[in-house]
1. Do we have A:Glu260 as among the acidic types (Asp, Glu) and part of a helix (DSSP H, G or I) here?
2. Among the numbered conditions (1) surrounded by fewer than 24 Cβ atoms within 10 Å (Cβ to Cβ); (2) at the interface with another protein chain (Cβ under 8 Å from one of its Cβ atoms); (3) of a type outside the set (Gly, Ala, Ser); (4) more than 21 Å from A:Ile354 (Cβ to Cβ), tell me where B:Val224 comes up short.
3. Does A:Asp131 qualify as being in contact with a Ser or Thr (Cβ under 6 Å, 6 or more places away or on another chain), in a loop (DSSP other than H, G, I, E, B) and on the phi < 0 side of the Ramachandran plot?
4. Quick test for you: out of B:Ala232, B:Ala239, B:Ala194, pick the one residue that is touching a residue at least 24 places away in the same chain (Cβ under 8 Å), crowded, with 22+ Cβ neighbours inside 10 Å and within 25 Å of B:Phe42 (Cα to Cα).
5. Out of all the residues in the range B:112-129, which are within 10 Å of chain A (Cβ to nearest Cβ) and under 20 Å from B:Thr210 (Cβ atoms)?
6. For the range A:325-357, enumerate the residues that are part of a loop (DSSP other than H, G, I, E, B), over 13 Å from A:Thr97 (Cα atoms) and more than 8 Å from every other protein chain (Cβ to nearest Cβ).
7. Given the structure, is A:Glu318 at pLDDT below 90, surrounded by fewer than 20 Cβ atoms within 10 Å (Cβ to Cβ) and charged (D, E, K, R)?
8. Before we move on, is A:Ala109 small (Gly, Ala, Ser) and part of a loop (DSSP other than H, G, I, E, B)?
Amino acid sequence: MKTTRSLILALLPIALAACGPKSTSTTANSPSPASTEEKKLNLYCWSEYIPQSVIDDFTKETGIKVSVENYSSNEEMVTKLLAGGGKYDLIQPSEYTIEALIRENQLLALNPASLSNLANISSEFRNMPYDAGNKFSVPYMAGFVGICVNTDKVKTPIKGFADVFTPAHKGRIVVLDDAREITSWAFAADKLDINDVTPENLEKVKPMLKKWLPLVKVYDSDSPKTSLKNGDVDLGVVWSGEAALLYKDDKKFAFVLPSEGSHLFVDSLAIPKLAAHPQNAHLFINYILRPEVSRKISEAFPYYNPNSAARALLSAEEISNPASYPPAQDITRMQTFRDLGKQAASIDELITQIKAGGK
Amino acid sequence: MLWLGLFVLLPTLLLIVTSFSRRDEMGRVVYSFTSENYIRCFDPTWLTIFGWSVLYALLATLICVLVGYPAAYTIGRANPKNRRLLLTLVMIPFWTSFLIRTYAWISILSQEGLANSLLLSAHIVPTPIGMMYTPFAIVLGLVYNYLPFMILPIYTSVEKLDNSLIEAAYDLGAGPLRAFSSVIIPLTRPGIAAGALLVFVPAIAMYAITTLMGGGSNPTIGEVIQNQFTRARNQPFGAALGVLLMLLFLVSFLLLGRKKSTAHVA
């Protein structure tokens, strides 16, 4: 009996550790004086977004060791940032989250003198409404959320959300695991402004969401392409870059901008107010802005590159990928997400409840 | 004592305090008292999910016993030279991260994966079977990852089995079945109980395997709680669910402990 018990005691920590695998936090030592920062950078970025080779090259060139931690939704990132769990030097928020973080005074004002390559960003991305004049953020990649269809399996024409979420596709759909995104699709389908999130409008789209979500088989923001590629689902609403990767490998994966309307997202690099290594973070941003580096990122993750100097280096095939670079007139019609303030909580709750199959 | 206070009492206290707090729109915890998180816990939505999680965990535990017992028995009765090798074989999967092992299952079970191509080429099935992102995949993932936690405690019980007792059973006219059910099983019961606990408790709250294998459309209570702390930005609600889950474990531990001590007396 005694040996059984001691064995259990010995195994218990393993069992407990197995329950919480994703918390890979890094701790920063106390920073040295501002001018001579220690050679460290704690990067908190989206999963499947910054190629490891780019990070390695940066380390090789500067000697700055980069610790990377990933998230798969803006909300997740904000939660951890504000909880102060990790000391992050560089984060990668999307437009509406930048707006919220600026409002909450959580971002460090960028030093333009350290960002000589900023001019590579095309002008329409240098004056976005959420951060006019790029005082706090520098666009990393932009993109869209659209429909990816395996045309071998789905023979009916798919034009918009209404065609995706039909009973015929039950158990064949993957969607992003993102409350704000999912809600905005229902808003678009109901012809509501995606930023006009009020309790009344949420109530209005609720019946539609309750019809849609039970049809979904997989929720995945990290890598929605996986289930499509493996054939476990036949269509989905995914990040454009993921659809572009699928199309690059196999032309059977068509990308469709939903007829009800889509939105443009701009994921940017920004430095948290409490960053321990802000200078290193500036160095990294400026490095990413180099055309040849940004071009490498586009190659690995073919989103819509806001870096016009890098875009000039892309191959004709890359530029003609319909998921990466849809027609310009479609893009100009798109809105971006704005910060919702208090209503953000209602969205979180609404989607949690409906996803769980509740009323 | 300090260790216990630092790593058990303090986090638990923090969890309890958080569970009675509110959140602001950025997901920060606001420390003003409310009991609404607990009231929300008893919404049928969460109770249903909890029921499913218990079912998955029970099923996984049962399968682990059925598969793990013969394995543990064979290892425990093997000659001592082979025993260490067999035990090492049980432990080898632990040398890799369980996430990687779970991803391996994804490539085995997916529509265009290994299992389906084998079944198709052997003409056992006409079209691929959807195995990924189903309750089947969830239970499989749990069984696969927790099986060693069942095998090892049973093994220690089997190893200590007194051969003379089994021989006595045979001498007194018991067949193999009778000897197994009346002598071997009762003697190895502590191992089975320990294994069941080690599998069942973490299996209920597991979220990583169930998210990967279940796709998030059949969420477990562990996934719901994890979500509250990340993308749903509702730490107080997640904390309330966590506290209730902890209470439940505490109660079942106490009940199990009581049963054990009465069994001893008998």
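The values are calculated or read from the model by the stated rules, or taken from the named source; none is laboratory data. As the structure is a prediction and not an experimental result, all values here were calculated from the model. In this analysis, Cβ positions are derived from the backbone assuming ideal geometry, glycine residues included, and neighbour counts consider all displayed protein chains.
1. Taking the combined requirement at face value, the residue does not satisfy it.
2. (4)
3. Values: in contact with a Ser or Thr (Cβ under 6 Å, 6 or more places away or on another chain): yes; in a loop (DSSP other than H, G, I, E, B): yes; on the phi < 0 side of the Ramachandran plot: yes.
Yes: the conditions hold for A:Asp131.
4. Among B:Ala232, B:Ala239, B:Ala194, only B:Ala239 is touching a residue at least 24 places away in the same chain (Cβ under 8 Å), crowded, with 22+ Cβ neighbours inside 10 Å and within 25 Å of B:Phe42 (Cα to Cα).
5. Selection gives B:Gly113 alone.
6. A:Tyr325, A:Pro326, A:Pro327, A:Arg333, A:Met334
7. So A:Glu318 fails the test.
8. It is true that A:Ala109 is small (Gly, Ala, Ser) and part of a loop (DSSP other than H, G, I, E, B).
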